[in-house]
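Any read-out appearing in this document is the output of simple, stated calculations on the displayed coordinates, not a laboratory observation. Note that the structure is predicted; figures quoted are calculated from it, not measured. Here the Cβ positions follow ideal geometry from the backbone for every residue, glycine too, while neighbour counts run over all protein chains shown.
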Amino acid sequence: MLRMSRSGADETAGTEPLDVVRLRHDFPALEQRVHGHPLVYLDNAATTLKPRSVIDAVAAAYASDSGNAHRSVHALSGRATQQLETARARVASLLNAGEPDEVVLTGGTTDALNLVASSWARTNLRPGDEVLITELEHHANLVPWQWTCEQTGARLRVVPVSDDGTVHADDAEARMGPRTRLVALAHVSNVLGCALPVAEITRRAHEHGALVAVDGAQAVAHRPVDVQALGCDFYAFSGHKLHGPTGTGALWARRELLEAMPPTQGGGGMVASVSFERTTFAPPPQRFEAGTPHVVGAHGLACAIEYVQALGWSALRAHERDLMVHAEAALASVDGLQVLGSPGTRNSVVSFVMDSIHPHDIGTLVDRHGVAIRTGHHCAQPLMKRLGIGACARASFALYNTRQDVDALAEALRHARERLS
Ligand code: PLP
C-alpha cells in the first residue's frame, strides 16, 4: 500500500520566508497584461493559477502517458494507473489521511459533498433526523443537504453567524440534539475568510452521536490540514483552488464509513462481479469512481500538491498573513469602503462593499486596471441575507500575491470610487 507522510513533505521545507519574486516566475499566467496593465490576480478563492510544473506535467501526460487506468496490461495503462494511485497517496499526505484508500478522487468539492449526501445521507437519514449546517455555507454545502432532507424527511437546521462574523462552537452545540445525524460546515468561509472551530464542533457533534462533513475548499491551499487531528468524518476539497487542474478534487472519509456506503453511480471500474442477476461492488475507493477516471487531472493535482508542500506551510501562512494585514490597512484607506467580518479572523479572503456602488461595477472598473477580483453573492446567498446585502466584492490571496498587488487593488478602488460616486 502506498503511504506518504504529510509531515515528511512538510518539515524540511518552509523554514525560509517565501521567495515570492522567484516563485512568481513559476506561474506563466502572471506574465500577461490585462487592459494594458500587468495582471494582478486576486480571485484565488474562485480558482488559482497553475504553476508551470503542473502545466508541463499535464501536457507530458497527454503527450505520452495517455492510457486508461486500472484497465489494460500494456505499459501506458500501467503508467496511468501509477499516476492515479500516486495522486491518491499524495492527497492522503496532504490531508494526513490514515491511508490512501480513504481518498475518493472526485471532480471537486461539489462532487465530493454530493457524494456524501446521495450515498451516506440518503441511506442513513430517517424522518425527523437533523442535519446541521451553518449560515455561511457555500451553496455546495447547503443544496445537497436540503435535497437529501426533502428526500428523507430529515430536517435542515442552521447555526447562525454571530455578530463578530464567525461561527461559534457554543452556537452550534445549542442546535445539536439526539436527532442530529450530521454536521456539515466549511473549514474556512469563502466570503468572510474566518476559520470555523472544526475540531471543537466535531468533538461536540460526536458527543451527540453525529458525524461531521467538512468543506475544505477554502482551506487546503492556505493551511496544513490534518483530518485525524480535526477528528472529522468527511473532508472535501477542489484541486483547482490548490493550483491543480479543474475537474479534480477529493473526498476523504474514514474507511469504515466508506465501506458501509453504497455507490451512487454504476459502471466500469466500480464492480467486483457483474451478471444479469446480480452485481457486487469493488471495495472503496474504486466503488465510488465509476467510469474512466480523470487520470491526467489527478496527476496534475498530485504535482500541484507537491509544489505547495515543497514551499512549506509555515512560510506560506506567514506570507498570506502579512498580505492580509497589509490589505486590511490598505482597504481601510479607501473612502466609503466597508470590510465585512472582523479583523484578525480573515484567512486569505477579504470581502467588502462600497457605499452606493454596486459590486459588479467595482469589479468591472478594477478589471480595467488589470485587477481581477470576484463580485456577486459568492454562492452564499443566505450569508448575504444575514449581512444585509445582495452582493459584495472579494479579494482573495495566494502564494504568488504581493503587497504591490494589494496596493494596486486599493488604487484601482480609489479610481472606481472617483468614477462612480
Ligand atoms: N465550498 C466553498 C467554501 C467554496 O468556496 C467553493 C467554491 O468556490 C465550493 C465549495 C465549490 O467548489 P467547486 O466549485 O470547486 O466544487
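Tabulated results
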| item | result |
| --- | --- |
| Spin-label zone in the range 289-319 - amide nitrogen under 20 Å from a point set 7 Å from the Cα of VAL21 along the C-beta vector | 311, 315-316, 318-319 |
| Paired Rg and Dmax values of the range 117-164, which use every Cα atom, in angstrom | 11.2, 37 |
| Vicinal HN-Hα couplings computed from phi for the range 116-132 (Karplus, 6.51 cos²θ - 1.76 cosθ + 1.60; Hz; Gly/Pro x) | 4, 5, 7, 9, 4, 5, 4, 7, 9, 7, 10, x, x, 5, 10, 10, 9 |
| Unit Cα scatterers, Debye sum, the chain: log10 I(q)/I(0) for q = 0.10 Å⁻¹ | -0.70 |
| Separation of the GLN338 and ALA63 label points, Cα + 7 Å toward Cβ, nm | 5.4 nm |
| Net lengthening on full extension, HIS208/VAL271 (0.36 nm per residue, minus Cα-Cα) | 19.2 nm |
| Theoretical FRET efficiency, 1/(1+(r/R0)^6), r = Cβ-Cβ of GLN32 and VAL143, R0 41 Å, to 0.05 | 0.70 |
| Cα-projected label distance for ARG52 with ASP322, points at 7 Å along beta-carbon direction, nm | 2.4 nm |
| Cα gyration tensor category, rounded, prolate or oblate, for the range 65-309 with a/c compared to 1.5 | oblate |
| The range 195-256 versus the range 105-134: alpha-carbon centroid distance in Å | 14 Å |
| Within the chain, helix-based [θ] at 222 nm, where runs of 4 or more DSSP H residues each add -39,500 (n - 2.57), nearest 500 | -11000 deg cm²/dmol |
| Estimated inter-spin distance, ARG278 and ALA329, nm [label 7 Å along Cα→Cβ] | 7.0 nm |
| Gain upon complete extension [ASP171, ARG368; 0.36 nm per residue less C-alpha separation] | 66.6 nm |
